[in-house]
Each structure stands twice: as C-alpha cells, then as structure tokens.
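These notes concern the structure reproduced below.
The values are calculated or read from the model by the stated rules, or taken from the named source; none is laboratory data. As the structure is a computational prediction, the values presented were derived from the model and not from experiment. Because the Cβ atoms are built from the backbone with ideal geometry, glycine has one as well, and the counts that use them run over all protein chains shown. Surface accessibility is based on the protein's heavy atoms, side chains included, excluding ligands, DNA and RNA. Shrake-Rupley method; radii C 1.70, N 1.55, O 1.52, S 1.80 Å.
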Amino acid sequence: MGSIAISGAGIGGLSAAIALRTLGHDVVVYEQAPKFARVGADINLTPNAVRALDGLGVGDALRETAARPTHRISRTYDTGEETSRLPMGDTAERDYGAPQLTMHRADVMTALETSLPEECVRLGARVTGISQENDGVVLALADGGEARADVVIGADGIHSVVRTALFGPETPTFTGVVAYRTVVPVEELAGVANLDAFTKWWGPDINTQIVTFPLNRGRDLFIFATIPQEGWYEESWTRPGDVAELRDLYSGFHPEARRLLDACSDVLKSALYVRDPLPSWTVGRATLLGDACHPMMPFMAQGAGQAIEDAVVLARAIDAHADHPAAFAAYEAARRERTARIQISSRDNAWLKESGTGGWVYGYDAWTVPVA
C-alpha cells in the first residue's frame, strides 16, 4: 500500500505502528509531545486487550509491573451486598486466552515505545490538518512543515484533528456527570476487603459509582468515582479536585466504601462528555481509530482496549488488501458494530451489574476476526 502516516502516538497509534511494521509496512507516527514522559495514572486492560497486546510482543513487559485482579465484583452502595462476582486471574486466562492486567498507563506506553525504532516516531510534530490529493495525503505540521504519505490514520484522540478534517467540528454533549480519580497505597487500607479484585460499588443511580482495582503488582489501589454534578465542564484528566468534596458526595455509601475515600490525600476531577457513534470512519485515504472515532464513557473500561483492537484489525486489513479503499472498508466492517455496541453499553452503564460472563467483550480476538 505504500507509506502510512499515523497522527498520534498514544496507545492506539503506537499499537497500530507496531502491528503494521510487524507485517512489513512503512509507517511513521507524528506526535505533538516533544518527548515521551511518564504521564497519566491507571489503565485497566481486560483480556481482549491483553490478548491483542500479546500478539504485538509486549505482553511479557506488561506483566512485569501489572497487577492481576482476582475477580470482577459488583456491590451495592449502601448495604455492601455483592450482586455479582466474576472470576478473573487464571480463570480469565483459561476462558479468554489472557488475564486482566491493571497498571500505570505509562508502563503500557513504555512497552509500546521501546518496541519501535526511533526513526519510526517523529516527536514534536503536531499535525494541524490534512489535505488529500489523488496520489496521497499531505499532513500540515505546527512548525510550518509538511509530511506526505499514501494514507493517514487518525489516532489523535478525543479532540482529533484528523476527524475534524474529515467530518468537521463535533459538538459533544456534557453528561452532567463528573469523575474523580486517585491512587492510594494499599498499606493505608487495612481492613478493607477485596483489594486484590476489580470492585464496582453501584450507586443509587446509573451515574453514581466507585470503582477500585490494584496497581503496581498490588501495592497501590486505584480509585475512580463518578457522580452527577452540574457546574463543572472541564474535560481534562489532569485538573485537581477537592478531596473533602469527594468524601461529602459519597457520604451515603457503605462504611467500607467511605473508608477508601478517607484514605485519599489528593484527587483529580474531570467532566464526562458523550459522543454518538459515527456512521463512517473513513474519507478517501484517511481513516480513524480509537477515541478519534468512538470515544466512550469509562464504565466498561474499554476505551484503550477498543483502540488496541482497532489497531490490530486495521493493520491486518491493510496487509490483506492491495488498495486502501478495500482495506479501510474491511476494517470498518469488522469493527463498527462492536465498537458502537460497547460505546452505547458504556453509556447505559448496566453491564455485569447483576450477573453475566463478560464473554462477548472479553472473548474477542482481534488477531482472528475476518478482514478479507
């Protein structure tokens, strides 16, 4: 197919670059950051994502720092009653071909970054727009320069420049829900049960919850909480919040859940927005993956996982077809229905509340789904 440009060196973009290079394709990633840095906090990689990453050759590196949650547990916010308990760990590896791994997002990025040669990633190269020609795509860069490729993949996230170039500006809808997140050392949580599991405390409405899971081989606990709250519209994931406010908002939760919040020393706060599924991800020689085309609410922990799946399936589709129209069509045919279903299910936030196996999400294999 010739040269391939990827806009964005996040998890999806780097995964696509590794998959494409492994299959013998010429690819360059353009990233606005001047250098890779240890940023972000948690990431929950469910078995479908881990299996895809295993195929990229980075699974062993991830396992060196990750925790392996023993179960996925649902509990009622006020009584503490368990409403579902899904075995993970070794059971997930047996049933789905890979375990669930939870870790610092930077550890995933490091594993991906070190799998690519330096010349494959151009740092400090922010894409500001694209223009398509009969024989290729021109990427406009913030420094006034240009780059050319036969096709371009927009992996540039929720505020995607490539998506805007293809479909125009979007108007996301504020959900009226905010999210808080923080990390607490496990040693400060003596007496709290299930610290080695993924636990979701379901609140009095679908938008109120507290989710916890282990990080750093179980030495830390990640806490993620959401609740309806008007008046806060900042979508950034790096904006500080108020710990006292956090505790007050969940004062009606079970004492064990409140104990988690009592241990928090700081917290970050973000407003949550929703986008509707796009009817198409492709225009001409450009297509999208991950948050650039199907950003999701965090309630199913599938944002990164779906970007990784996209990356693998797109690379396989490009490898299977001689021209980009056929490759992009096969990619969308393989991915749109699944991502739309997860996007809507994440918004509804009822998955595995009472029972279920998780199989339709966790059992997916991006390496074998048909792309011919």
Here segment 346-360 yields Karplus 3J(HN,Hα) values (6.51, -1.76, 1.60; θ = phi - 60°; whole Hz; Gly and Pro given as x) of 5, 5, 5, 6, 10, 5, 6, 5, 9, 6, x, 9, x, x, 5
Local electrostatic count, residue 34, Cβ distance below 12 Å [Lys/Arg +1, Asp/Glu -1]: +1
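With a ≥ b ≥ c the root eigenvalues of the C-alpha gyration tensor of the chain, is it rounded (a/c under 1.5), prolate (a/b larger than b/c) or oblate?
Judged from the Cα gyration tensor, the chain comes out prolate (a/c at least 1.5, a/b above b/c).
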Using only the Cα atoms, what convex hull volume per residue in Å³ does segment 147-224 have? 170 Å³
May I ask you to evaluate 6.51 cos²θ - 1.76 cosθ + 1.60, the Karplus curve with θ = phi - 60°, for each residue of segment 170-176 and list the ³J(HN,Hα) values in order in whole Hz, giving x for glycine and proline? 9, 10, x, 9, 5, 7, x
Could you tell me which of 10, 109, 46 has its Cα farthest along the dipole of segment 1-144 towards the positive end, charges placed at Cβ (Lys, Arg +1; Asp, Glu -1), taken about the Cα centre? 46
Reachable lysines from residue 35, Cα under 27 Å, same-chain residues fewer than 8 places away excluded? 269
Among 301, 271, 56, pick out the residue whose Cα is farthest towards the positive end of the charge dipole of the chain, where Lys and Arg carry +1 and Asp and Glu carry -1 on C-beta, about the Cα centre. 301
Rounded to the nearest 10 Å², the accessible area of residue 164 using a 1.4 Å probe with every protein chain kept is 60 Å²
Determine the dipole magnitude for segment 100-174: charges of +1 sit on the beta-carbon of Lys and Arg, -1 on that of Asp and Glu, nothing else is charged, the reference point is the Cα centre, and the result goes in debye to the nearest 20. 260 debye
Taking 0.36 nm per intervening residue step and subtracting the Cα-Cα distance, what contour gain separates residue 93 from residue 78 on full extension? 2.1 nm
Among the aspartates and glutamates, which fall within straight-line cross-link reach of residue 353, defined as a Cα-Cα distance under 14 Å, with same-chain neighbours fewer than 8 residues apart omitted? 81, 82, 205
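Run the dipole for segment 1-81 about the Cα centre, Lys and Arg Cβ at +1, Asp and Glu Cβ at -1, nothing else charged, and hand back the magnitude in debye, nearest 20.
It works out to roughly 80 debye.
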Would you work out the charge dipole size for segment 299-368 about its Cα centre, treating the Cβ of every Lys and Arg as +1 and the Cβ of every Asp and Glu as -1, and quote it to the nearest 20 debye? 200 debye
Tell me the mean residue ellipticity at 222 nm calculated for the chain from its helices only (DSSP H runs of n ≥ 4, each -39500 (n - 2.57), averaged over every residue, nearest 500). -9000 deg cm²/dmol
Along segment 23-34, what does the Karplus equation 6.51 cos²θ - 1.76 cosθ + 1.60 (θ = phi - 60°) give for ³J(HN,Hα), rounded to whole Hz, x for Gly and Pro? 8, x, 9, 8, 9, 10, 9, 10, 10, 6, 5, x
Considering only 195, 249, 357, whose Cα is most displaced toward the positive end of the charge dipole of the chain, charges sitting on Cβ of Lys, Arg (+1) and Asp, Glu (-1)? 357
So how much slack lies between residue 122 and residue 355, counting 0.36 nm per residue of separation and subtracting their Cα-Cα distance, in nm? 79.3 nm
Ignoring GluC sites (Glu not before Pro) that are buried or in helix or strand per DSSP, and keeping those with at most 12 other beta carbon atoms within 10 Å, what is the longest stretch of the chain between them? 82-229
